[in-house]
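Participant: Take a look at the following structure, please.
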Amino acid sequence: MTSPSATVAARRWLVQVCCHRSCDRGGSAAVLAAFREHQSSTILIAESDCMGQCSAGPTVKVMPGNTWYCRVTADDVPRIVSQHLQGGEPVRDRLHPRFHPFDPSL
Ligand code: FES
């Protein structure tokens, strides 16, 4: 039987970091560089064009799961990597409310 943590560890992630104008002005180059430090055979980092969420950038999207993060800083990256990509639990305080409305039961 496979444990949940083994399932998460076996996943392959795609992390898209918007580096278009608004997100760039908000510091997305540093966010991209911070994610690239964690690139591996299971974590692919990709620079993206505008994802249509410019007012809440820098925008980061994680697949699978279609998880959207907003206002991401380089300081948030280690937490997103360890908690979400390695632990399977999205970082709630950085979730984009347009795609992930607040649920007080969580
Ligand atoms: S510039 Fe990043 S979402 Fe539009």
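Participant: Grab the other residues whose beta carbon is less than 12 angstrom from that of residue 44, score K and R as +1, D and E as -1, and report the net.
Facilitator: +2
Participant: Report ³J(HN,Hα) in whole Hz for each residue of segment 35-51, in order, from the Karplus equation J = 6.51 cos²θ - 1.76 cosθ + 1.60 where θ = phi - 60°; Gly and Pro get x.
Facilitator: 5, 4, 5, 9, 4, 8, 5, 10, 10, 9, 10, 9, 7, 10, 7, 3, 9
Participant: Then there is this: Which order do the peptides 35-42, 70-77 come out in when sorted by mean C-beta neighbours inside 10 angstrom, highest first?
Facilitator: My ranking of the peptides, most packed first, is 70-77, 35-42.
Participant: Let me ask you something else. Counting only residues 5 or more places away or on other chains, whose amide H sits under 5 Å from the amide H of residue 96 once H atoms are built in the peptide plane?
Facilitator: Here 68, 69, 70 satisfy the definition.
Participant: Quick one: 80, 45, fewest Cβ neighbours within 10 Å first, how do they rank?
Facilitator: Sorted ascending by nearby Cβ count, the order is 45, 80.
Participant: So what J values fall out for segment 64-77 if you push phi through Karplus, 6.51 cos²θ - 1.76 cosθ + 1.60 with θ = phi - 60°, rounded to Hz, Gly and Pro as x?
Facilitator: These are the phi-based 3J(HN,Hα) values: x, x, 6, 8, 10, 10, 10, 6, 7, 10, 4, 5, 6, 4 Hz.
Participant: Continuing with this model, one more query. If you average the sequence gap of Cα pairs under 8 Å that are 6 or more apart and divide by the length of segment 4-94, what percent do you get for the contact order?
Facilitator: Taking the mean separation of contacting Cα pairs over the length of segment 4-94, I get 34 percent.
Participant: When only alpha-carbon atoms are used, what values of Rg and Dmax, in angstrom, describe the chain?
Facilitator: Cα only, the chain: 13.5, 47 Å (Rg, Dmax).
All of the numbers you see were taken from the coordinates with simple rules; none came from a lab. These figures come from a predicted structure and were not determined experimentally. Please note: Cβ atoms are built from the backbone with ideal geometry, for glycine as well, and neighbour counts cover all protein chains shown.
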